[in-house]
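J.: Quick one: the structure is below, questions incoming.
Throughout, read-outs are computed from the coordinates displayed, never taken from laboratory work. As the structure is a computational prediction, the values presented were derived from the model and not from experiment. Reconstructed Cβ throughout: ideal geometry from the backbone, glycine too, with neighbour counts over all protein chains shown.
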Amino acid sequence: MIAQLDQLRQVMRRDQVFDFMIPRDEVRVDVSHGVILYLEDVSVSFDGFKAINNLNLYINAGELRCIIGPNGAGKTTMMDIITGKTRPDSGSVYFGQSMDLLRHSEPEIAQAGIGRKFQKPTVFESHTVMENLELSMAGAKTVWSTFIATIGPQEQERIDEVLETIGLVENRHQLAGSLSHGQKQWLEIGMLLMQKPKLLLVDEPVAGMTHQEMDRTAELLTSLAGQHSVVVVEHDMDFVRSIARTVTVLHQGSVLAEGTMDQVQNDPRVVEVYLGE
Ligand SMILES: Nc1ncnc2c1ncn2[C@@H]1O[C@H](COP(=O)(O)OP(=O)(O)OP(=O)(O)O)[C@@H](O)[C@H]1O
Ligand SMILES: [Mg+2]
């Protein structure tokens, strides 16, 4: 019996044996050309309305890209396409050189290392900050969590690391429901980080935040770039200016302009359709 238990423990070491136990950072995406995401000639229509219209977009590995554009420009739809929630009518979408995202399901795409944060925070309010981070590892854990109640040292280390990154070390034992709006948003980003995504898609992260929270969010997203590729959709221009390297302006489902914040802000076409509002 003891021997069997020992054997079971061996099998349950996360770094061994079964595919579902392999930590997600082992997932490899081929970025040998420096590009982590390709969208080429992508179009999608809803009831005859072209929400995405021959969209071409390339995101470099490790970059922080801001996407701006008027309401209805197709920004969220673009994220839906990348994550497999919406299938385009035509075009191609690749994660790195070789993963054709159009041939994969939503869970497979998430598993491959694309994390998405929706606008509304979706944390487990009646659990502590730390428990939320633990729960977000559940994907690989559920099968055997019934055997082992505690988390391993590797996982604890990861949790500590993420708590540090999202600035919630002091709040680790606090119920998520009692966090401020901004803190909930950071926790949700932390929950995504637990899965070690290669690419993070963040839709309107600072809506409803105080200025101070916005500054912290800017720091957080900036600190994630490099290790991760980050795509941020946001309307708040002060915020975009504070984090932006390359800005892409979407309009009517296509790229209208791309460049530095100064370049796009001074582009007459951009001023006309968006910034001049
Ligand atoms: N599932 C859907 N079914 C029908 N129409 C949709 C669907 N998803 C998006 N649309 C339409 O596609 C267009 C683009 O919407 P999308 O949400 O992508 O815009 P957005 O750039 O994110 O705008 P916002 O800045 O307001 O969030 C809109 O006209 C929207 O009504
Ligand atoms: Mg949107």
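J.: Could you point to the residue in 37, 107, 217 farthest towards the positive end of region 2-275's charge dipole, with +1 and -1 charges on the Cβ of Lys/Arg and Asp/Glu respectively?
T.: Checking the options against the dipole of region 2-275, the answer is 107.
J.: Next up: So how tilted is helix 153-166 from the main axis of the chain? Cα-based, degrees 0 to 90, rounded to 10.
T.: Helix 153-166 sits at roughly 30 degrees to that axis.
J.: What does the extension gain come out to for residue 71 and residue 266, with contour length at 0.36 nm per residue minus their alpha carbon separation?
T.: That pair, residue 71 and residue 266, stretches by 68.2 nm at full extension.
J.: For the pair residue 45 and residue 32, how long in nm is the line joining their label points, each one 7 Å along Cα→Cβ?
T.: Reported label-point gap for residue 45 and residue 32 is 3.9 nm.
J.: Label-point separation (nm) for residue 173 and residue 252, each offset 7 Å from Cα along Cα-to-Cβ?
T.: 5.9 nm
J.: Hey, if you put +1 on the Cβ of every Lys and Arg and -1 on every Asp and Glu Cβ in region 2-275, which of 239, 266, 124 ends up farthest toward the positive end of that dipole?
T.: Going by the Cα projections, it comes out as 124.
J.: With only alpha-carbon pairs counted, each pair once and no self-pairs, how large is the Kirkwood hydrodynamic radius of the chain in angstroms? Please report the intermediate quantities before stating the final value.
T.: Numbers: mean 1/r = 0.0501 Å⁻¹.
After inverting the pairwise mean of 1/r, the radius is 20.0 Å.
J.: Can you compute the FRET efficiency between residue 126 and residue 215 using 1/(1 + (r/R0)^6), with r the Cβ-Cβ distance and R0 = 45 Å? Round to the nearest 0.05. Before the final figure, lay out each step's value.
T.: Values: r = 29 Å, r/R0 = 0.65.
E(calc), rounded to 0.05, equals 0.95.
J.: In region 2-275, what percentage of the DSSP-assigned beta bridges are antiparallel, given to the nearest 5? If you can, show how the numbers build up before the last one.
T.: On the way: 21 of 39 bridges.
In region 2-275, DSSP labels about 55 percent of beta bridges as antiparallel.
J.: Could I ask something else about it? Assuming 0.36 nm per residue, please report the length gained on full extension of the stretch residue 236 to residue 164 beyond their Cα-Cα distance.
T.: Numbers: separation 72, 0.36 × 72 = 25.92 nm, distance 2.60 nm.
This chain segment gains 23.3 nm when fully extended.
J.: Let me know the number of lysine pairs in region 2-275 closer than 17 Å at the Cα, not counting same-chain pairs under 8 apart.
T.: Lysine pairs satisfying the spacing and distance rule in region 2-275 number 11.
J.: While we're here: If the chain between residue 156 and residue 108 were fully stretched, how many nm would it gain, using 0.36 nm times the residue separation less the Cα-Cα distance? List each step's numbers first, then the result.
T.: Details: separation 48, 0.36 × 48 = 17.28 nm, distance 2.55 nm.
Result: 14.7 nm gained on full extension.
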